[in-house]
Amino acid sequence: MREYFFAVENIDIPFYDFPDEYADAVPSNLFTHPLEPVPLVVRFAAEENYPLADIFLVPSLCIKDGLLQQLNISNTYGTNWVKIKLIDQGEHLYHMIQIGNEIKAIDRQHSEFDYYDEFNGGEFISGMKKLVLDESQLAQIALEERLIFRDSGWKDKVFFHKSIVNKILEHKPQGISFYSVDGYNEFG
């Protein structure tokens, strides 16, 4: 499990959202290909003076244009990057990730969670108390196909392989840090 990490914002940033007319333009789990950058605006800012983050997580992982190009991760299996025009202290080009890569990576027998349901070929997990990855399942999947993914039953978090995390952290981006999935507990 030490190969996978979750992202967390490490600075206070505004709450960003799409204007109503663009609300469905960039879903997090379906690929779209807008012809123009999709505007993203400030809905609420707790502070007046704040730095713009290089990477932020809401509404989904967004990376500044120049940094994404330096990272060379835009062709990662199961991802699509949509151009976003952040309107905050001017206009800035970012790219927002869409993730179509879902893997049944959580060990359903050894993890502990409050709720589990199976329905019409799908499943739903919530209230993660103890996260255990299914190492044998992951080992059957080529590394290139599991660098960035969501679990098919627990879509709350995005799993990042340590190689992706290392690439990002090499650039010392402002706004994000990572922590190991080891010992993850939704409740603290």
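The values are calculated or read from the model by the stated rules, or taken from the named source; none is laboratory data. Fair warning: this is a prediction, and the values are worked out from it, not measured in the lab. A quick note on method: Cβ atoms are made from the backbone with ideal geometry, for glycine too, and the neighbour counts reach across all protein chains shown. Calculation scope for accessible area: heavy atoms of the full protein, side chains included, ligands and nucleic acids excluded. Shrake-Rupley method; radii C 1.70, N 1.55, O 1.52, S 1.80 Å.
Computed quantities for the displayed model
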read-out: For the stretch 1-88, share of DSSP beta bridges that run antiparallel, in % to the nearest 5; value: 55 percent
read-out: Of 104/162; 104/130; 85/167; 104/157; 130/155; 104/167, those spanning more than 21 Å from alpha-carbon to alpha-carbon; value: 85/167; 104/167
read-out: DSSP beta bridge pairing in the chain, given as percent antiparallel to the nearest 5; value: 85 percent
read-out: Partners for residue 129 among aspartates and glutamates (Cα-Cα distance below 17 Å; same-chain residues under 8 apart left out); value: 107, 112, 114, 117, 151, 156, 182, 186
read-out: nm² value of the averaged projected area, convex hull over the Cα atoms of the stretch 24-147; value: 10.5 nm²
read-out: Neighbourhood charge, 14 Å Cβ-Cβ cut-off, centred on residue 93 and excluding it, Lys, Arg +1 and Asp, Glu -1; value: -2
read-out: Neighbourhood charge, 14 Å Cβ-Cβ cut-off, centred on residue 8 and excluding it, Lys, Arg +1 and Asp, Glu -1; value: -3
read-out: Surface/4 estimate of mean projected area, convex hull on alpha-carbon atoms of the stretch 110-161, nm²; value: 4.0 nm²
read-out: Under 12 Å from the Cα of residue 172 - aspartates and glutamates, other chains or at least 8 residues apart; value: 54
read-out: Cα-centre dipole for the chain with unit charges at Cβ (Lys and Arg positive, Asp and Glu negative), debye to 20; value: 500 debye
read-out: Residues of the chain: accessible area per residue with a 1.4 Å probe, Å²; value: 54 Å²
read-out: Surface/4 of the Cα convex hull for the stretch 1-59, nm²; value: 6.0 nm²
read-out: Taking the C-alpha atoms of the stretch 40-93, convex hull volume expressed per residue in Å³; value: 84 Å³
read-out: Sequence-separation-based contact order of the stretch 4-102, relative, with Cα cut under 8 Å and 6+ spacing, percent; value: 32 percent
read-out: Net length gained if the chain between residue 50 and residue 117 were fully extended (0.36 nm per residue, minus Cα distance); value: 19.9 nm
read-out: Relative packing of peptides 108-119, 175-186, 158-169 - highest average C-beta neighbours within 10 Å first; value: 158-169, 175-186, 108-119
